[in-house]
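Handing you a structure now.
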Amino acid sequence: MLRLDAVTKTYRVGAFGGRTLTAVDGVSLDLVPGEVVSLIGESGSGKTTVGRMILGLTPVSGGSITLDGAPVRPGKDYYRQVQGVFQDPFSCYNPIFKVDRVLQMIREEYFPGTAGAQWEEKVAESLEAVRLAPALVLGKYPHQLSGGQLQRLLIARALLLGPRFLVADEITSMLDASTRIDVLNLLADLKSRGLGVLFVTHDLSLGNYVSERAVVLHRGRVVESGPTGLVFGNPLHPYTARLLDSVPRLTARWDGVPQEPVPDTPEPSVLVEAEPGHFVRRVPAPELRSVS
Ligand SMILES: Nc1ncnc2c1ncn2[C@@H]1O[C@H](COP(=O)(O)OP(=O)(O)OP(=O)(O)O)[C@@H](O)[C@H]1O
Ligand SMILES: [Mg+2]
């Protein structure tokens with residue numbers, strides 16, 4: 001299990017780093033194999049920072065991240081188990097090299113002793129898992145492939161290592177609607193093969209489509225979490241309700257009413273279990289059980 005326990009990230013900002021900005025504030029969540037957890041929140045709520053900390057790309061300022069109970073130590077062993085895919089597939093490829101290079105780099109780093117035929121079999125297997133025909137992508141330059149194909153190739157690259165967990169940060173936001181569904185269905189497929197996915201998104205409908213559990217971030221703090229059906233079906237925090245209200249509906253005209261910002265929950269606030277498994281940030285009432 002991949003566990004975040006009260007993880008915090010502060011940055012020094014402003015001229016000469018004189019101020020601190022708390023990008024992530026006491027976030028706790030568990031990721032288990034075979035489950036997709038959506039991490040949802042508006043721009044700047046801290047989603048990418050959470051993903052980067054899980055991947056060891058940004059050090060945590062407080063709290064802990066553990067894999068099967070052991071503190072995370074980024075390195076080859078860790079990356080064989082935990083992989084990440086990010087928003088912009090185009091930036092991961094060098095336009096002057098064939099796309100195969102991103103796979104080749106994994107071979108050199110992680111599978112130096114693997115024989116040619118065995119490696120090709122491995123590549124074919126992971127391409128098949130992301131529903132890409134090898135002949136369609138191998139030997140091509142990035143500009144010869146679509147955004148969806150490039151994104152799926154990056155997922156295939158992550159799968160080459162046989163990870164147990166995948167951080168997928170806005171991986172569908174640069175794709176068109178039909179390719180997006182394709183990539184989402186792929187995630188569902190990977191989940192059924194036992195992969196645990198942290199699906200980072202600002203789009204609630206995508207979170208609803210693909211995940212078992214949802215965690216809603218507002219200004220770096222978890223304001224609501226629980227089974228997706230409960231969080232979306234019965235949103236308890238005003239921020240979650242606002243996010244749900246702001247999803248455009250195909251059947252209604254958008255009236256464009258500007259929305260007031262959701263105020264911070266007054267302090268002291270804690271996550272309270274409002275119904276089984278469904279937590280919401282509130283000012284604590286003495287009769288309710290608190291978890292943070
Ligand atoms: N290296 C950094 N130095 C200073 N502040 C940072 C740094 N990285 C992120 N931040 C700040 O931390 C906050 C959270 O950023 P983050 O990228 O995690 O948000 P996000 O939820 O992923 O947003 P988006 O949906 O736009 O991708 C923002 O206020 C951002 O400006
Ligand atoms: Mg982000």
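Only the coordinates and a few stated rules stand behind these numbers; no lab work does. Note that the structure is predicted; figures quoted are calculated from it, not measured. So basically every Cβ, Gly included, is an ideal-geometry build from the backbone, and we count neighbours across all protein chains shown.
Among the residues of the stretch 43-62, what is the count of those that are near ligand 1 (Cβ under 7 Å from one of its atoms), in a loop (DSSP other than H, G, I, E, B) and buried (at least 17 other Cβ atoms within 10 Å of the Cβ)?
Adding up the residues that qualify gives 2.
Does the stretch 17-32 contain at least one residue that is more than 25 Å from Arg193 (Cα to Cα) and outside any strand (DSSP E or B)? Outline the logic, then answer.
The initial filter retains those residues of the stretch 17-32 that are more than 25 Å from Arg193 (Cα to Cα), namely 17-28.
With outside any strand (DSSP E or B) added as a condition, the list becomes 17-18.
Within the stretch 17-32, one or more residues are more than 25 Å from Arg193 (Cα to Cα) and outside any strand (DSSP E or B).
Would you check which residues across the stretch 170-196 are within 16 Å of ligand 2 (Cβ to nearest atom) and under 25 Å from Lys122 (Cβ atoms) and list them?
Ile171
Right, something else. Which of the residues belonging to the stretch 1-41 are more than 14 Å from the chain's Cα centre (by Cα) and among the small types (Gly, Ala, Ser)?
Once the filter is applied, which keeps residues that are more than 14 Å from the chain's Cα centre (by Cα) and among the small types (Gly, Ala, Ser), the stretch 1-41 yields Ala6, Gly14, Ala15, Gly17, Gly18, Ala23, Gly26, Ser28, Gly34.
For the stretch 14-54, which positions are within 13 Å of ligand 2 (Cβ to nearest atom), within 17 Å of Ala168 (Cβ to Cβ) and either among the aromatic types (Phe, Trp, Tyr) or touching a helix residue (DSSP H, G or I) at 6+ places or on another chain (Cβ under 8 Å) (or both)?
Leu39, Ile40, Gly41
So which residues in the stretch 9-42 are more than 12 Å from ligand 1 (Cβ to nearest atom) and within 21 Å of Gly207 (Cα to Cα)? Lay out the reasoning, then the answer.
Of the residues in the stretch 9-42, the ones more than 12 Å from ligand 1 (Cβ to nearest atom) are 15-16, 18, 26, 28-38.
Residues satisfying the conditions are Ser28, Leu29, Asp30, Leu31, Val32, Pro33, Gly34, Glu35, Val36, Val37, Ser38.
Further question: Output the qualifying pairs, or none if there are none: Cβ atoms under 7 angstrom, residues six or more apart or on different chains, first residue in the stretch 70-94 and aliphatic (A, V, I, L, M), second residue part of a helix (DSSP H, G or I).
Val72/Tyr78; Val82/Ile54; Val85/Leu154; Val85/Ile155; Val85/Ala158
Hey, can you tell me all the residues within the stretch 184-199 that are of a type in the set (D, E, K, R) and either touching a strand residue (DSSP E or B) at 6+ places or on another chain (Cβ under 6 Å) or closer than 16 Å to Gly148 by Cβ (or both)?
Step one: filter the stretch 184-199 for residues of a type in the set (D, E, K, R), giving 189, 191, 193.
Result: Asp189, Lys191.
It is to be established whether one or more residues within the stretch 157-168 are surrounded by 18 or more Cβ atoms within 10 Å (Cβ to Cβ), under 30 Å from Pro261 (Cα atoms) and within 16 Å of ligand 2 (Cβ to nearest atom).
Scanning the stretch 157-168, I find at least one residue that is surrounded by 18 or more Cβ atoms within 10 Å (Cβ to Cβ), under 30 Å from Pro261 (Cα atoms) and within 16 Å of ligand 2 (Cβ to nearest atom), so the answer is yes.
Further question: Please determine whether any residue of the stretch 102-123 is touching a Leu at 6+ places or on another chain (Cβ under 9 Å), under 24 Å from Leu190 (Cα atoms) and among the acidic types (Asp, Glu).
no
I'd like the full set of residues that are of a type outside the set (A, V, I, L, M), closer than 24 Å to Arg180 by Cα and not in a helix (DSSP H, G or I), limited to the stretch 76-97.
So in the stretch 76-97, the residues of a type outside the set (A, V, I, L, M) come out as 76-81, 83-84, 86-95, 97.
From what is left, the residues that are closer than 24 Å to Arg180 by Cα are 83-84, 86-95.
Residues satisfying the conditions are Gln83, Gly84, Phe86, Gln87, Asp88, Tyr93, Asn94, Pro95.
So which residues in the stretch 163-222 are of a type in the set (A, V, I, L, M, F, W, C), within 16 Å of ligand 1 (Cβ to nearest atom) and under 14 Å from the mean Cα position of the chain (by Cα)?
Within the stretch 163-222, Val167, Ala168, Ile171, Leu198, Phe199, Val200, Leu204, Leu206, Ala214, Val215, Val216, Leu217 meet the criteria.
Quick check: is even one residue across the stretch 88-102 closer than 19 Å to Val200 by Cβ, buried (at least 19 other Cβ atoms within 10 Å of the Cβ) and within 16 Å of ligand 1 (Cβ to nearest atom)?
Initial filter on the stretch 88-102 (closer than 19 Å to Val200 by Cβ): 88-92.
With buried (at least 19 other Cβ atoms within 10 Å of the Cβ) added as a condition, the list becomes 89.
This time we only want the ones that are within 16 Å of ligand 1 (Cβ to nearest atom), so: 89.
Yes, the stretch 88-102 contains a residue that is closer than 19 Å to Val200 by Cβ, buried (at least 19 other Cβ atoms within 10 Å of the Cβ) and within 16 Å of ligand 1 (Cβ to nearest atom).
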